[in-house]
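What follows is one structure encoded as structure tokens, with my remarks underneath.
The values are calculated or read from the model by the stated rules, or taken from the named source; none is laboratory data. In this text the structure is predicted, and so the values were computed from the model without any measurement. Cβ: placed from backbone, ideal geometry, glycine included. Neighbour counts: every protein chain shown.
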Amino acid sequence: MTNEDMKAVTLELNAIGYDVGSAGDAIRNIADCMGPSLCEYAVMDTPRLKYFMTKHYIDDIQYPRFPFKIKTKMSGCPNDCGKALLHGDIGIIGVFRDLPKVNNERLLEWIKLGGDIQRVLDRCPTDAMVWDGKGLEIDPDRCVRCMYCINRIPAIKPGDDRGVAITAGGKMKGKYGPMKGKVVFPFVKVTPPDYNELVEAYNRILQVYDENGRKKERIGDMIQRLGFDKFLELCGVEPMPMHFSSPRRNTFYHWSEEELAGGVR
């Protein structure tokens, strides 16, 4: 069956009330967590965004045109219950840029009822919190908004400067096996009803994949082949600290002779 034949069949099915998709080398059905309809930690309305994305990209869901399938996963907060980072060729994860909000009055009540504040302080991965017995302070330069303190203490909530991080390359199968997604856009505003900033960022990844992906090559495998530096360049994204998985181990890695006074010896 040709694409033209498929379009005719799809239109007939749509006319009688049936939707078509998602299979083949297309955007697959978008998976999401329940977001604010169930979870108090959600910083993004995942069901609403999923509905918008499905309608906006319905043609790419119904009519395959990409090198291979594209699985999009959404999670309403950095806890990533939707497994966007691990399973999503493109992941959309709710994040916040300002500090977590601390209600010190409620925090004191939690401690009186048996809450172990010292345990939380000790397990903060970046040692970003200081407790003086009356109030909790969070160091803005150390805090990475990992959600640990928010998950452990009811008196701490996510901040108000909210958006999404967009990742690419997550998958469980493919040429190079399982891969964890990489952050491409660390923070993108989600503004209904058109979500223009999100759509622009999402489209950049689609375009790079459409133009550079090989047949039956997942996005993560393409990034592995091209190199993450090149992928960011093609997406029009300037490298920043959030793109690094770990600190540089070789100080000369990625340096050219022109960048070094006297050259490499």
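Here are some conditions: (1) over 18 Å from the mean Cα position of the chain (by Cα); (2) closer than 16 Å to residue 27 by Cβ. Residue 225 meets all but one. Which one does it not meet? Going through (1) over 18 Å from the mean Cα position of the chain (by Cα); (2) closer than 16 Å to residue 27 by Cβ one by one, residue 225 breaks only (2).
For the stretch 1-45, filtered to residues that are of a type in the set (S, T, N, Q) and under 25 Å from residue 68 (Cα atoms), the residue that is nearest to the chain's Cα centre (by Cα) is 29. Does residue 141 satisfy the criteria of being more than 24 Å from residue 87 (Cα to Cα), part of a loop (DSSP other than H, G, I, E, B) and either in contact (Cβ under 8 Å) with a residue 40 or more places away in the chain or in the same structural domain as residue 73 (by TED's automatic domain parsing) (or both)? The answer is no for residue 141. Once the stretch 70-80 is narrowed to residues that are surrounded by fewer than 24 Cβ atoms within 10 Å (Cβ to Cβ) and under 18 Å from residue 162 (Cα atoms), the residue that is farthest from the chain's Cα centre (by Cα) is 79.
Within the set 69, 73, 175, 83, the sole residue that is over 25 Å from residue 51 (Cβ atoms) and in the same structural domain as residue 189 (by TED's automatic domain parsing) turns out to be 175. Looking across the stretch 8-29 at every residue that is part of a loop (DSSP other than H, G, I, E, B) and of a type in the set (Val, Ile, Thr), the one that is modelled with the highest pLDDT is identified as 16. Among the residues examined, residue 120 does not qualify as closer than 27 Å to residue 51 by Cα, among the β-branched types (Val, Ile, Thr) and modelled with pLDDT of 95 or more.
Given the condition at pLDDT 95 or above, in contact with a strand residue (DSSP E or B) (Cβ under 9 Å, 6 or more places away or on another chain), assigned to a loop (DSSP other than H, G, I, E, B) and over 26 Å from residue 2 (Cβ atoms), answer yes or no: does some residue in the stretch 68-76 qualify? The answer is yes, given that some residue of the stretch 68-76 is at pLDDT 95 or above, in contact with a strand residue (DSSP E or B) (Cβ under 9 Å, 6 or more places away or on another chain), assigned to a loop (DSSP other than H, G, I, E, B) and over 26 Å from residue 2 (Cβ atoms). Just to be sure, is residue 52 under 26 Å from the mean Cα position of the chain (by Cα) and part of a helix (DSSP H, G or I)? Taking the combined requirement at face value, the residue satisfies it. The one condition from (1) free of Cβ contacts under 8 Å to residues at least 24 places away in the same chain; (2) in the same structural domain as residue 182 (by TED's automatic domain parsing) that residue 122 does not meet is (2). Looking across the stretch 127-155 at every residue that is among the basic types (Lys, Arg) and loosely packed, with under 15 Cβ neighbours inside 10 Å, the one that is nearest to residue 114 (Cα to Cα) is identified as 134.
For the stretch 157-164, the criterion of being crowded, with 22+ Cβ neighbours inside 10 Å and within 19 Å of the chain's Cα centre (by Cα) is met by at least one residue. Residues in the stretch 84-117 that are in a loop (DSSP other than H, G, I, E, B) and without any contact (Cβ under 8 Å) to a residue 40 or more places away in the chain were compared, and the one that is surrounded by the most Cβ atoms within 10 Å (Cβ to Cβ) is 115.
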